[in-house]
Amino acid sequence: MKISHIEHIGIAVKSLDEAIPFYENVLGMKCYAVEEVADQKVKTAFFMVGQTKIELLESTDAEGPIGKFIEKKGEGIHHMAFAVEDGVQNALNEVAGKGVQLLDKAPRKGAEGLSIAFVHPKSTIGVLTEFCEK
Ligand code: CMX
């Protein structure tokens, strides 16, 4: 697998309306898109930092992954997404072959139309890890 860069860092927030002004008014970034990902039960807001994005995640359902994460751990960094150059399926196959537990056995469609897949934080030293490709 060839990881080219950190595609995004996902941050769980209770409210986009409260979090976006921090990134815009305090850190001086610009939110360039807000998108709902219905099957993940989240609303996302994006900021660009170099070639990496900050992805704020607000839950649309308390039983969704972000709702459960905030309930358990509070707001904060939720996952790290690596851009892969040679296919998400290839990355999944490679890490599965090294004993890593997959959450997605095959790539699916994520925010911004990317092909994405998650692997379990219990197999990745506590960091929920995502692979993605345009
Ligand atoms: N980082 C680190 N550990 C995490 C975690 C995270 N983001 N989310 C959950 N965990 C841990 C929990 O603390 C728990 O640990 P313990 O067993 O020690 O208590 C364990 O993983 C299981 O967590 P859970 O609360 O019981 O929740 P589930 O098993 O139902 O789901 C997970 C956990 C990771 C499988 C789920 O959050 C998931 O499927 N995530 C992938 C999808 C996702 O996060 N989508 C939102 C992003 C949208 C996008 O970018 O497109």
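Local charge for residue 51 was computed over the other residues whose Cβ lies under 15 Å away, with Lys and Arg +1 and Asp and Glu -1, and equals -3.
Between residue 61 and residue 27, the contour length at 0.36 nm per residue exceeds the alpha carbon distance by 9.4 nm.
Structural descriptor for the chain: relative contact order 26 percent, calculated from alpha carbon pairs under 8 angstrom and at least 6 residues apart. Here the chain carries DSSP beta bridges of which approximately 75% are antiparallel, counting only pairs with both residues inside. Taking Lys and Arg as +1 and Asp and Glu as -1, the other residues whose beta-carbon sits under 9 Å from that of residue 81 total -2. Principal-axis analysis of the Cα atoms of the chain puts helix 88-97 at an angle of about 60° to the longest axis.
Quick note: the coordinates plus some simple rules give every number you see, no bench work behind them. All figures in this text were calculated on a predicted structure; none of them were measured in a lab. When we count neighbours, we look across all protein chains shown, and the Cβ atoms used for this are built from the backbone with ideal geometry, even at glycine.
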